[in-house]
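Structure first, then comments.
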Amino acid sequence: MAYSGRFTPGDRVQLTDAKRRHFTITLQEGESFFTHKGEIKHDDIIGEHEGTVVKSSGAGEYLCFRHLLVDHVLSMPRGAAVIYPKDAAQILVEGDIFPGATVLEAGAGSGAMSMWLLRAVGEKGKLISYEIRQDHLEYAEKNVSEHMGGHPENWDLRLGDLKEATKEDIGEVDRVLLDMLEPWEMLDTVKDVLLPGGVFMTYVATVPQLMKVMEGIRETKAFTEPKAWESLVREWKVDGLATRPEHRMNAHTAFLIWARRLADGTVAPRPQRRARR
Ligand SMILES: C[S@@+](CC[C@H](N)C(=O)[O-])C[C@H]1O[C@@H](n2cnc3c(N)ncnc32)[C@H](O)[C@@H]1O
């Protein structure tokens, strides 16, 4: 699967017209794509650099780029809501997903986070993804395979309920990411499989979920004091005297929760609060 270089057959290419409308095609020798401004021959794109303009038979102009992963995630078919790219970035950085890491993820959903994680762990790492629903698992499989040129060898996608999985099933992992309705139900499993020092992150949409999972993490006494936050990204329109923030934004996606696994038997020093006067 080529992510850079000249276009070759099999590449998924995003064509953008003058009105910023996007069309996605998969290049095949001898094929054509028909727009309201006529025919675009795939052969006119194959062999060209990314970032060039192709003309249709009706003089339409289309800028050609391969899909970035972010484009794929936002345009691919979904069974379940995906982790938004701004939050995926937080998970990769705050979750310290490193090359070579073994990561446990649930649920796989539409496969968006699986792709970010697979990229970050690299070929020497491993991703184990649980998904309870067959239909969602099929979305994940298809979306990941389409972008990564097949099912990655280091991706262990399993149909099943993470709650029922044992340490024998999973082994020991460096990082855990949960994106599901009731992550507090999985804390015993997370505690069993996460190595001391390992990072646990979970992603929940509502305040009651946030409160419940934070309390659950504290009650295990197996993790550091959890922290919670959300990421807000506001785009700007930059255009002379009209420069200003965009009117609309995705104000709320979900909360991020983070904690580290303590060594067994460790009692972490209680966080000290300043005495009130
Ligand atoms: C919001 S989606 C995950 C989306 C995914 N992170 C992505 O970025 O595409 C939540 C998924 O968790 C799955 N799920 C819920 N409970 C589960 C469990 N106990 N074990 C495994 N998967 C579970 C659901 O079926 C659903 O597909």
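The values are calculated or read from the model by the stated rules, or taken from the named source; none is laboratory data. The model shown is predicted, which means the values in this text are computed figures rather than measured ones. Cβ atoms come from the backbone with ideal geometry, glycine included; neighbour counts cover every protein chain shown.
With respect to (1) part of a loop (DSSP other than H, G, I, E, B); (2) of a type outside the set (Val, Ile, Thr); (3) loosely packed, with under 11 Cβ neighbours inside 10 Å, the lone exception for GLU225 is condition (3). Six or more apart or on different chains, Cβ atoms under 9 Å: show the pairs whose first residue is in the stretch 227-253 and under 20 Å from ALA205 (Cα atoms) and whose second is exposed (fewer than 10 other Cβ atoms within 10 Å of the Cβ). Taking only residues 6 or more apart or on different chains, the pairs are LEU232/ALA251; ARG234/GLU246; ARG234/ALA251.
Being within 12 Å of the ligand (Cβ to nearest atom), closer than 17 Å to VAL193 by Cβ and not aliphatic (A, V, I, L, M) is a description that applies to SER129.
To keep it simple, each residue is scored yes or no on (1) within 30 Å of HIS252 (Cβ to Cβ); (2) under 26 Å from the mean Cα position of the chain (by Cα); (3) in the same structural domain as HIS147 (by the TED database).
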{"residue": "ASP17", "(1), (2), (3)": "no, no, no"}
{"residue": "THR24", "(1), (2), (3)": "yes, yes, no"}
{"residue": "GLU29", "(1), (2), (3)": "no, no, no"}
{"residue": "PHE33", "(1), (2), (3)": "no, no, no"}
{"residue": "ILE40", "(1), (2), (3)": "no, no, no"}
{"residue": "THR52", "(1), (2), (3)": "no, no, no"}
{"residue": "VAL82", "(1), (2), (3)": "yes, yes, yes"}
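Going through (1) within 14 Å of the ligand (Cβ to nearest atom); (2) within 13 Å of ALA259 (Cα to Cα); (3) outside any helix (DSSP H, G or I) one by one, VAL190 falls short only on (3).
Under the condition of being in contact (Cβ under 8 Å) with a residue 12 or more places away in the chain and outside any loop (DSSP other than H, G, I, E, B), which residue from the stretch 92-112 is farthest from LEU137 (Cα to Cα)? Walk me through it before giving the result.
Of all residues in the stretch 92-112, those in contact (Cβ under 8 Å) with a residue 12 or more places away in the chain come to 92, 94-112.
Narrowing further to those that are outside any loop (DSSP other than H, G, I, E, B): 92, 94, 102-106, 112.
Details: LEU92: 22, GLU94: 26, THR102: 20, VAL103: 18, LEU104: 15, GLU105: 13, ALA106: 11, ALA112: 12 Å.
Step by step, filter the stretch 92-112, then rank; the result is GLU94.
Here are GLU61, GLU138, GLU94: which of them is within 14 Å of the ligand (Cβ to nearest atom) and charged (D, E, K, R)?
GLU138
Here are some conditions: (1) assigned to a helix (DSSP H, G or I); (2) in contact (Cβ under 8 Å) with a residue 40 or more places away in the chain. LEU118 meets all but one. Which one does it not meet? In the conditions (1) assigned to a helix (DSSP H, G or I); (2) in contact (Cβ under 8 Å) with a residue 40 or more places away in the chain, LEU118 misses (2) alone. Among the residues making up the stretch 163-217, those that are among the polar types (S, T, N, Q) and either surrounded by 22 or more Cβ atoms within 10 Å (Cβ to Cβ) or on the phi > 0 side of the Ramachandran plot (or both) are THR189, THR202. You will find that of LEU177, LEU157, LEU127, the residue that is within 28 Å of ASP188 (Cβ to Cβ), in a strand (DSSP E or B), free of Cβ contacts under 8 Å to residues at least 40 places away in the same chain and in the same structural domain as VAL103 (by the TED database) is LEU127 and no other. The set of residues from the stretch 64-77 being within 13 Å of the ligand (Cβ to nearest atom) and in contact (Cβ under 8 Å) with a residue 40 or more places away in the chain comprises LEU69, HIS72, VAL73, MET76, PRO77. In contact with a helix residue (DSSP H, G or I) (Cβ under 9 Å, 6 or more places away or on another chain) and basic (Lys, Arg): does that describe LYS41? For LYS41, the condition - in contact with a helix residue (DSSP H, G or I) (Cβ under 9 Å, 6 or more places away or on another chain) and basic (Lys, Arg) - is not met.
Taking the stretch 264-277, which residues are surrounded by 10 or more Cβ atoms within 10 Å (Cβ to Cβ) and either polar (S, T, N, Q) or assigned by the TED database to the domain that holds SER231 (or both)?
We begin by selecting, within the stretch 264-277, every residue surrounded by 10 or more Cβ atoms within 10 Å (Cβ to Cβ); these are 266, 268.
Within the stretch 264-277, just THR266 meets the criteria.
Summed over the stretch 97-115, residues that are within 8 Å of the ligand (Cβ to nearest atom) and not aliphatic (A, V, I, L, M) total 6.
Exactly one of (1) modelled with pLDDT of 95 or more; (2) loosely packed, with under 14 Cβ neighbours inside 10 Å; (3) charged (D, E, K, R) is unmet by LYS19. Its number? Failing condition for LYS19: (1).
Pairs are defined by a Cβ separation below 6 Å, a sequence spacing of at least 6 or placement on different chains, a first member in the stretch 78-89 that is charged (D, E, K, R), and a second member that is near the ligand (Cβ under 9 Å from one of its atoms) and at pLDDT 95 or above; the pairs so defined are ARG78/SER110.
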